[in-house]
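Following: one structure in C-alpha cells, then a few remarks.
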Amino acid sequence: MGSGRWSTNVYDEHNHFKAAAGKSIFDYSDGMHKSGRSTWHVHKSLDPKGCGVRESRDNDEHPESTAIAVMFDVTGSMGSIPVTLQKKLPELLGLLLRKGYVADPQILFGAIGDATCDRVPLQVGQFESDNRMDENLENIFLEGGGGGQQTESYELAMYFLARHTDIDCWNKRGHKGYLFMIGDEMAYPSVKRHGFRDIIEEGAERDIPTAEIIRELQQRYHVFYILPQTASNGRDAKILGFWRKLLGQNVLELEDPEAVCETIAPTIGMMEGTIDLYAGTDDLREFGTADSTLKVVTTALENIPVNMTKAKTLSGFLPGLR
C-alpha cells in the first residue's frame, strides 16, 4: 500500500461534504454508539483479525517510503486525540512533505483499547500516502471504555506492529520506521498466549513480556510514547516511570494534547537528522503555530537527540500538498 499523494483540496471538500450532510467527521463512531453496545464492532478497514500484515511499500511515486504508525488510546478521557489528529492532519503532512523532514511518509492510524473488557480493543489501518489515511482515521470507533485500573492493551498494539507489518524502509534500506503511541496509562505486563485469539486470529506461542515485545519492535521502529499531561493520568508518576523504564527519553510529556501533530513532525525530523529543534520551531512558526504551542513542543522535545549521521542535502523541498 502507499500509492497516491495527499491533497488538501480533497481533504477540505470531504469535510465540507460531511458538514453539509449534517454528519460529524467520526460518523461511523457516532452510529456505533447509537446502535447499542451489543452491536459494537470494528470497521472492516481497521479490523486486525485475519488481515495478515499491513504493508508500507516503495513504488514509483514514493521510491523511499518511510513507515509511520500513530496509535492512540480511545478509552475515557483520551477520546479527543483522534479529533485533534484529524483537524491538524494537513499541518502534519505539510511539515513532513513541504519541509522534507522525511522521504515519502506513509502513515498508519490505529486505536488502542482494553482487551480485558472493551468490545473493540484494537483497530489498525493501512499505511497510506494519500487521503485514504484520513478515511482510516475517520473510521476509528471512539469506544470510550477501559477498565479503570490504569492499564490498557498497548502491548497488543506493539505485538501487531512487531509481527504483522512489513515495511520496505527497513527491508530494503535498514531504515527504521516510527511508532507513536498516545495515551495516559500503562501496558499490561505481557502479551498473553491465548489472550487475543479473537482479536488477531492467532495465539502467541507463549506469554511474551511487554519489555521483550518492545525490544523486538525496536529492531525495526523508533518507538515513542506521548503522555498528555491534561489526561486523567497525565501527571501520574507511576505511569511516567513505567514508560520511562521501557523507552527512556522516547517518552514525551505533552502539556497540551492539541499539540500532538506539532510534536510528531519535528520528532521525526530530528531523528532523521534533517532539522534540529531550533529549525523545527522556526518551521512551526512559519505554519502559524501559536507561541503557547511552540513552548509546549519545545519543552517536550528538548531531550530528543538530533541524528546528524542521517543528515541529508535536500535539493529543494519534497513535493508539497496540492
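Can you find a residue in the stretch 224-242 that is under 17 Å from G100 (Cβ atoms), out of contact with any Ser or Thr (no Cβ under 6 Å at 6 or more places or on another chain) and among the charged types (D, E, K, R)? No, the stretch 224-242 contains no residue that is under 17 Å from G100 (Cβ atoms), out of contact with any Ser or Thr (no Cβ under 6 Å at 6 or more places or on another chain) and among the charged types (D, E, K, R). Taken as a whole, the stretch 180-188 holds no residue that is under 19 Å from E128 (Cα atoms), in contact (Cβ under 8 Å) with a residue 24 or more places away in the chain and β-branched (V, I, T). Residues of the stretch 186-197 include at least one that is among the small types (G, A, S), in contact with a strand residue (DSSP E or B) (Cβ under 9 Å, 6 or more places away or on another chain) and not in a helix (DSSP H, G or I).
Here V120 clears all of (1) of a type in the set (A, V, I, L, M); (2) part of a strand (DSSP E or B); (3) modelled with pLDDT under 95 except the condition numbered (2). Just for the stretch 63-73: of the residues that are touching a residue at least 60 places away in the same chain (Cβ under 8 Å) and more than 12 Å from the chain's Cα centre (by Cα), which one is surrounded by the fewest Cβ atoms within 10 Å (Cβ to Cβ)? Here the residue is E64. If you check R119 against the conditions, is it among the basic types (K, R), surrounded by fewer than 20 Cβ atoms within 10 Å (Cβ to Cβ) and more than 23 Å from K34 (Cα to Cα)? It is false that R119 is among the basic types (K, R), surrounded by fewer than 20 Cβ atoms within 10 Å (Cβ to Cβ) and more than 23 Å from K34 (Cα to Cα).
When the stretch 227-249 is filtered for residues that are crowded, with 21+ Cβ neighbours inside 10 Å and either at pLDDT 95 or above or assigned to a loop (DSSP other than H, G, I, E, B) (or both), the ones remaining, listed by number, are A231, W243. Selection of the stretch 103-115 for residues being farther than 11 Å from A157 by Cα and either touching a Lys or Arg at 6+ places or on another chain (Cβ under 7 Å) or surrounded by fewer than 24 Cβ atoms within 10 Å (Cβ to Cβ) (or both) yields A103, D104, L108. Mind checking which residues of the stretch 126-144 are under 15 Å from the mean Cα position of the chain (by Cα), part of a loop (DSSP other than H, G, I, E, B) and not hydrophobic (A, V, I, L, M, F, W, C)? Of everything in the stretch 126-144, those that are under 15 Å from the mean Cα position of the chain (by Cα), part of a loop (DSSP other than H, G, I, E, B) and not hydrophobic (A, V, I, L, M, F, W, C) turn out to be Q126, S129, N139. When residues in the stretch 6-22 are screened for being without any contact (Cβ under 8 Å) to a residue 12 or more places away in the chain and loosely packed, with under 14 Cβ neighbours inside 10 Å, 8 of them pass. Among the conditions (1) in contact (Cβ under 8 Å) with a residue 60 or more places away in the chain; (2) under 20 Å from C261 (Cβ atoms), R54 misses just one, which is (2).
In the condition set (1) touching a Cys at 6+ places or on another chain (Cβ under 6 Å); (2) surrounded by fewer than 18 Cβ atoms within 10 Å (Cβ to Cβ), D60 is compliant with all but (1). When residues in the stretch 28-56 are screened for being among the charged types (D, E, K, R) and at pLDDT below 85, 1 of them pass.
The values are calculated or read from the model by the stated rules, or taken from the named source; none is laboratory data. Please read all numbers here as calculations on a predicted model, not as lab measurements. Positions of Cβ are backbone-derived with ideal geometry, glycine not excepted, and every protein chain shown enters the neighbour counts.
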